[in-house]
Amino acid sequence: MQTVSKRLKSSETRLSLLTVLLLILLVLYALMLVGLLVWAFLTSFKSQQEFRVNVIGLPQTWVWNYTFVFQMYLYPVFTEMGTQYVGMGLMFLYSLLYAVGCAFTATLVPCITSYLCARFPYRFGKLIYLIVIVTMVIPIVGSQPSEIQVAKFLGFYDQIWGLWLMKANFLGMYFLVFFGIFRGIPKEYEEAAKMDGAGNFAILFRIMLPLVRNTFFVVMLIRFIEFWNDYQTPLIYLKSYPTVALGMFNMANTRENGLSTVPMRMTGAMLMLLPILAIFLVFQRRLIGNLTVGGIKG
Amino acid sequence: MRAAKKTSRLGVFHRKDILFYCALMAYPVLQFVIFYIVVNANSILLAFRSYDTMTGAVTWVGFANLKEAFRMMTQQLELLDAMKNSFLAYFVTLVIGTPLALLFSFYIYKELPASGIFRVLLFMPSIVSAIVMVTIFQFFSDRAVPEIFTKVFGAETYQGLIENPQTRFGTVMFYNIFVGFGTATLMYSNAMDAISPDQVDAAKLEGAVGIREFVYITFPMIYPTFSTFFITGVATIFTNQYNLYSFFGDGSSIQTYGYWLYVKVAGAASQSEYPVLAAVGIFLTVIAVPLTLIVKKLLEKFGPSED
């Protein structure tokens with residue numbers, strides 16, 4: 001059946017001028033992207049002396065820059081006791097704490113809120129839905145100074161747990177993704193559970209959340225990658241807890257001897273890129289599988 | 001059972017349901033109140049305050065910050081440039097990036113040759129840190145591209161594409177389009193997958209194949225998803241940095257408002273610098289809100305019909 005629908009989907013469209021043009025564009029895109037990454041990977045195995053004369057070729061002598069960069073990948077943190085340098089091991093830990101915690105709260109809150117809005121017949125749910133739509137459509141610019149003040153006032157500033165709470169909001173596209181799924185679940189599921197004596201918490205945790213666990217996982221993974229790669233929030237809000245991404249930003253702009261060469265910078269980039277690339281390649285089918293979002297009315 | 005059931009303006013409900021609802025809704029609502037309503041209200045108040053750099057004492061300064069912000073926005077070359085670039089960058093990504101994202105999604109949806117690989121590759125830049133991609137792209141443009149040009153076109157020395165002020169803006173825009181297909185392609189192609197095969201078959205019988213299928217069937221069916229992306233895109237005109245901070249740190253010669261605001265906030269030595277930034281934010285919001293609403297209305301009015 002699937003084969004038949006697949007055949008129907010692609011037949012007649014296969015050889016049109018449009019698809020040939022698109023194929024050419026996509027092949028060019030793929031070559032450029034893969035070319036960039038391969039060039040960076042190969043450059044990370046060159047010495048600076050070799051890079052000066054051999055910018056685009058294969059390394060004549062393969063140099064292992066990774067240990068040096070891992071050891072020198074330091075981020076200065078300015079404290080009352082003076083400047084302290086955070087190494088890559090600790091940066092990985094901060095990145096994990098920041099990215100996992102924020103991804104979890106930033107997925108859980110829209111999931112639970114959308115469940116309440118989609119499955120309970122209260123008008124307040126409609127108001128929440130409207131708020132999500134309005135905040136997506138109406139842009140607020142330049143509120144960051146104010147947010148810093150509020151974060152400092154609440155004691156959230158420069159605390160990883162503070163950012164978990166700050167990121168735990170229901171606004172944005174993923175609310176709509178979960179809302180669409182919860183709306184589509186037949187009411188019979190709840191009714192049958194209630195007949196068996198299940199309460200609201202049991203229905204939520206034993207029936208509803210397991211039904212959306214795939215989407216929950218995908219959204220959390222997308223958000224994890226987003227927070228893992230984010231250096232701008234830690235640059236402002238986590239001055240004492242530099243993440244790997246912030247370390248990479250520091251390295252990309254460093255003038256320090258030894259680290260400021262192109263091969264060393266490419267090595268740093270590879271150190272940051274490879275773990276995420278591995279996660280992506282393992283989970284890519286689930287990551288780019290089933291997320292959909294509809295229109296926004298209101 | 002019936003005694004527990006009440007009817008009010010909220011509808012039919014049980015007391016236990018209400019308690020459950022309130023318990024779970026409490027945190028999201030509190031978070032929204034603090035980090036949206038209070039933050040934005042404070043941002044408005046901030047525009048009317050001034051902080052003493054030495055003591056931190058607060059004084060109310062009326063419209064002084066707004067006047068200063070208006071003067072800066074209308075007279076400072078840097079900000080005039082930021083306004084022009086913010087619109088130009090949005091326009092370029094809209095005119096080039098959006099149609100390409102739609103057409104690439106169409107290619108993937110039709111499961112044409114290697115579509116699975118292209119889907120993964122188009123999404124890949126979205127999972128790679130901006131700072132990593134930018135670092136690689138920047139050095140490739142400035143070091144490898146001139147080398148390739150020299151090898152292909154002869155012994156002349158070429159300047160890097162980012163180094164060269166004449167190609168810098170175009171290269172940065174190219175980069176933003178290049179890495180920007182991920183989420184849009186994912187959402188569009190998933191929305192296209194939801195189109196009923198019966199509708200597509202019926203249209204094919206009437207001759208809608210290739211570009212005609214895209215224009216008359218596929219695009220109208222995913223229009224709600226498209227308009228969502230379009231509208232939320234307009235809302236980012238003044239917040240999008242176009243990766244300028246990743247390219248140039250705080251020393252970019254190209255300015256957009258998203259970049260300028262971030263640089264000012266990240267580099268602020270004390271909160272005495274915040275009020276004018278908040279005032280600039282108010283002006284930008286005043287421009288962006290009606291613009292977004294107009295675009296939304298136009299998309300609703302002139303969008304294709306699903307019938």
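The values are calculated or read from the model by the stated rules, or taken from the named source; none is laboratory data. In this text, all values refer to a predicted model and were calculated from it rather than measured experimentally. Cβ sites come from the backbone with ideal geometry, for glycine too, and all protein chains shown count toward neighbours.
Of all residues in segment B:273-292 being more than 17 Å from B:Met72 (Cα to Cα) and more than 7 Å from chain A (Cβ to nearest Cβ), which is surrounded by the fewest Cβ atoms within 10 Å (Cβ to Cβ)?
B:Pro290
Of everything in segment B:188-206, what is of a type outside the set (Gly, Ala, Ser), touching a helix residue (DSSP H, G or I) at 6+ places or on another chain (Cβ under 7 Å) and within 21 Å of A:Val177 (Cβ to Cβ)? Give them in sequence order.
The answer is B:Tyr188, B:Met192, B:Asp193, B:Ile195.
Pick out the one residue from B:Pro165, B:Pro220 that is touching a residue at least 24 places away in the same chain (Cβ under 8 Å), in contact with a Gly (Cβ under 9 Å, 6 or more places away or on another chain), surrounded by fewer than 19 Cβ atoms within 10 Å (Cβ to Cβ) and away from chain A (no Cβ under 11 Å).
B:Pro220
From B:Val172, B:Val145, grab the single residue that is away from chain A (no Cβ under 11 Å), buried (at least 19 other Cβ atoms within 10 Å of the Cβ) and part of a helix (DSSP H, G or I).
Within the list B:Val172, B:Val145, the selection yields B:Val172.
So that you can scan it fast, the table gives a plain yes or no per residue for (1) in a helix (DSSP H, G or I); (2) at pLDDT 90 or above; (3) facing chain A (nearest Cβ under 9 Å):
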| site | (1), (2), (3) |
| --- | --- |
| B:Pro224 | yes, no, yes |
| B:Phe229 | yes, no, yes |
| B:Phe238 | no, yes, yes |
| B:Ser246 | yes, yes, yes |
| B:Leu298 | yes, yes, no |
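Restrict the check to segment B:248-261 and report whether at least one residue is among the hydroxyl-bearing types (Ser, Thr, Tyr) and assigned to a helix (DSSP H, G or I).
Looking through segment B:248-261, at least one residue is among the hydroxyl-bearing types (Ser, Thr, Tyr) and assigned to a helix (DSSP H, G or I).
Quick one: in segment B:76-127, of everything that is of a type in the set (Gly, Ala, Ser) and either crowded, with 17+ Cβ neighbours inside 10 Å or not assigned by TED's automatic domain parsing to the domain that holds B:Ile217 (or both), which residue is modelled with the lowest pLDDT?
It comes out as B:Ser126.
Residue by residue, here is whether (1) among the aliphatic types (A, V, I, L, M); (2) away from chain B (no Cβ under 14 Å) holds:
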{"residue": "A:Gly35", "(1), (2)": "no, no"}
{"residue": "A:Arg52", "(1), (2)": "no, no"}
{"residue": "A:Tyr73", "(1), (2)": "no, no"}
{"residue": "A:Met88", "(1), (2)": "yes, yes"}
{"residue": "A:Ser95", "(1), (2)": "no, no"}
{"residue": "A:Thr107", "(1), (2)": "no, no"}
{"residue": "A:Ile112", "(1), (2)": "yes, no"}
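Can you pull out the residues in segment A:34-66 that are in contact with a Phe, Trp or Tyr (Cβ under 8 Å, 6 or more places away or on another chain) and closer than 22 Å to B:Tyr107 by Cβ?
A:Leu36
Of all residues in segment A:200-232, which are without any contact (Cβ under 8 Å) to a residue 12 or more places away in the chain and farther than 23 Å from A:Phe249 by Cβ?
A:Asn200, A:Phe201, A:Ala202, A:Phe205, A:Pro210, A:Arg213
Condition check ((1) in contact with a Cys (Cβ under 8 Å, 6 or more places away or on another chain); (2) within 17 Å of A:Thr243 (Cα to Cα); (3) of a type outside the set (S, T, N, Q)) across all residues:
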position	(1), (2), (3)
A:Val63	no, no, yes
A:Val69	no, yes, yes
A:Tyr73	no, yes, yes
A:Gln84	no, yes, no
A:Leu96	no, yes, yes
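Go through segment B:96-121 residue by residue and tally those that are facing chain A (nearest Cβ under 7 Å) and touching a residue at least 60 places away in the same chain (Cβ under 8 Å).
3
For segment B:50-60, name all the residues that are in contact (Cβ under 8 Å) with a residue 12 or more places away in the chain, surrounded by fewer than 16 Cβ atoms within 10 Å (Cβ to Cβ) and either of a type outside the set (Gly, Ala, Ser) or assigned to a helix (DSSP H, G or I) (or both).
Of everything in segment B:50-60, those that are in contact (Cβ under 8 Å) with a residue 12 or more places away in the chain, surrounded by fewer than 16 Cβ atoms within 10 Å (Cβ to Cβ) and either of a type outside the set (Gly, Ala, Ser) or assigned to a helix (DSSP H, G or I) (or both) turn out to be B:Asp52, B:Thr53, B:Trp60.
Which residue is nearest to A:Ala103 (Cα to Cα), if the candidates are limited to segment A:233-255 and must be hydroxyl-bearing (Ser, Thr, Tyr) and outside any helix (DSSP H, G or I)?
Filtering segment A:233-255 for residues that are hydroxyl-bearing (Ser, Thr, Tyr) and outside any helix (DSSP H, G or I), the one nearest to A:Ala103 (Cα to Cα) comes out as A:Thr243.
Within segment A:225-244, can one find any residue that is over 21 Å from the mean Cα position of the chain (by Cα) and either more than 27 Å from B:Phe247 (Cα to Cα) or within 11 Å of another protein chain (Cβ to nearest Cβ) (or both)?
Scanning segment A:225-244 turns up no residue that is over 21 Å from the mean Cα position of the chain (by Cα) and either more than 27 Å from B:Phe247 (Cα to Cα) or within 11 Å of another protein chain (Cβ to nearest Cβ) (or both).
Within segment A:114-130, can you find the residues that are part of a helix (DSSP H, G or I) and within 7 Å of chain B (Cβ to nearest Cβ)?
Selection gives A:Leu116, A:Arg123.
Give me the residue from segment A:77-89 that is in contact (Cβ under 8 Å) with a residue 40 or more places away in the chain and assigned to a strand (DSSP E or B) and, out of that set, farthest from A:Pro263 (Cα to Cα).
Per the stated criteria, the residue is A:Thr79.
Does A:Asn214 fit the bill of being within 21 Å of the chain's Cα centre (by Cα) and assigned to a loop (DSSP other than H, G, I, E, B)?
Judged against the criteria, A:Asn214 is not a match.
So B:Tyr188 fits all but one of (1) part of a helix (DSSP H, G or I); (2) within 7 Å of chain A (Cβ to nearest Cβ); what number is the exception?
Failed condition: (2).
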